[in-house]
Each structure stands twice: as C-alpha cells, then as structure tokens.
1. Which of Val94, Val122, Val47 moves the most in a Gaussian network model of the chain with Cα springs under 10 Å?
2. Please give the FRET efficiency for Ile50 paired with Ser13, using the beta carbon to beta carbon distance and R0 = 30 Å, rounded to the nearest 0.05.
3. Go through the range 86-100 residue by residue and turn each phi into a ³J(HN,Hα) via Karplus (6.51, -1.76, 1.60, θ = phi - 60°); whole Hz please, and just put x for glycine and proline.
4. Could you run the Karplus curve 6.51 cos²θ - 1.76 cosθ + 1.60 with θ = phi - 60° over the range 11-23 and give me ³J(HN,Hα) per residue in whole Hz, x for Gly and Pro?
5. Starting from the Cα coordinates of the chain, work out the convex hull volume and express it per residue in Å³.
6. As an exercise, use a Förster radius of 35 Å and the Cβ-Cβ distance of Val94 and Ser61 to find the FRET efficiency, rounded to the nearest 0.05.
7. If you take the beta carbon distance between Leu105 and Ser134 as r and set R0 to 30 Å, what does 1/(1 + (r/R0)^6) give as a FRET efficiency, to the nearest 0.05?
8. Number of Lys pairs in the chain with C-alpha atoms less than 18 angstrom apart, excluding same-chain neighbours closer than eight positions?
Amino acid sequence: MSDLEPVGNKDISDAGVKGIGATIGGVGLLIVQGVAGFLGGLVGLVVGGIAVVLGAGSLASKSSTDRRGGAIALAAGAVLALPGLAHLLGGIPVVGPILHFAGGLSAFVVGAGALGLIGYGVVNLVKFIKGLRSRR
C-alpha cells in the first residue's frame with residue numbers, strides 16, 4: 001500500500017482482517033501457553049490431548065483445508081502437552097530429562113510463534129490504518 005498508488009478496498013480490508021486475526025491469535029496463544037502450566041501441567045496435558053484427538057480426526061477429512069488444520073491442531077496439541085508430560089514423567093531417569101528439555105523447547109517455540117503472530121498482526125494493522133488514511 002503505497003501513498004502514490006490508490007489502494008483498493010479489498011487490500012485495505014484484507015490487511016485489517018489479517019491484522020486483527022493474527023494479533024488475537026498471538027495473544028490467544030500466549031494465554032493458552034500460560035493456562036497450560038496450571039496444576040503442574042495437567043491442564044496443558046488435557047488441552048493438548050483434546051487438540052491431538054481433534055487434529056487426528058480432521059486428518060481423515062477429504063478437504064485439504066481440514067487436513068491442514070488438523071495437522072496444525074495435532075502439532076499444537078503435542079506442543080501443549082509436552083510440559084505437562086515432562087512434569088508427570090520427570091522422575092524417570094532417561095525419559096524425564098528428555099521430556100523436560102522438549103517441554104522447555106516447546107514453550108520457547110510457542111512463545112516465539114505467538115510473538116511472531118503479534119508482530120505480523122501489528123504490521124498489517126499499520127497497513128490497514130495507512131490504507132484508510134489514503135482513502136481520505
């Protein structure tokens with residue numbers, strides 16, 4: 001969206017939708033990550049298990065969009081369940097440290113993804129606001 005070229009309504013609305021969706025998605029991901037640590041990771045284990053089951057069910061769909069969403073839900077569920085699993089199985093000599101490392105890595109990945117989504121949303125919201133101003 002340049003100041004020299006007229007901006008179409010579709011470009012402006014697309015930037016607004018992407019901006020709001022990505023920002024809310026990033027904040028929601030941070031909230032889910034925070035909630036996942038409650039009760040010693042049990043909430044994350046339950047929420048992650050539900051996401052894994054729902055994602056696995058969507059993988060059998062004929063629609064490629066449903067399969068893609070199912071794969072994302074499956075991966076997100078596994079990432080959310082790892083810290084809870086690490087907490088529950090932390091006493092096992094070999095498995096415990098591996099799960100603990102994987103749980104910390106998953107928390108980093110979720111946090112980085114959430115910050116990336118928020119950044120992407122803010123960039124699109126700035127484009128949206130600039131596009132609205134160029135319409136005056």
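Readers should treat all values here as calculations from the given coordinates under stated rules, not as data from a laboratory. Quick caveat: nothing in here was measured; it's all calculated off a predicted structure. Backbone-built Cβ (ideal geometry, glycine too); neighbour counts: all protein chains shown.
1. Among Val94, Val122, Val47, the largest mean-square fluctuation in the Gaussian network model of the chain belongs to Val94.
2. It comes to 0.35.
3. These are the phi-based 3J(HN,Hα) values: 5, 5, 6, 9, x, x, 6, x, 8, 6, x, x, 5, 5, 5 Hz.
4. Karplus-based 3J(HN,Hα) across the range 11-23 equals 4, 5, 5, 4, 5, x, 5, 4, x, 5, x, 5, 5 Hz.
5. Taking only Cα atoms, the chain has a hull volume of 112 Å³ per residue.
6. Working: r = 37 Å, r/R0 = 1.07.
Here the calculated transfer efficiency is 0.40.
7. It comes to 0.10.
8. Lysine pairs satisfying the spacing and distance rule in the chain number 5.
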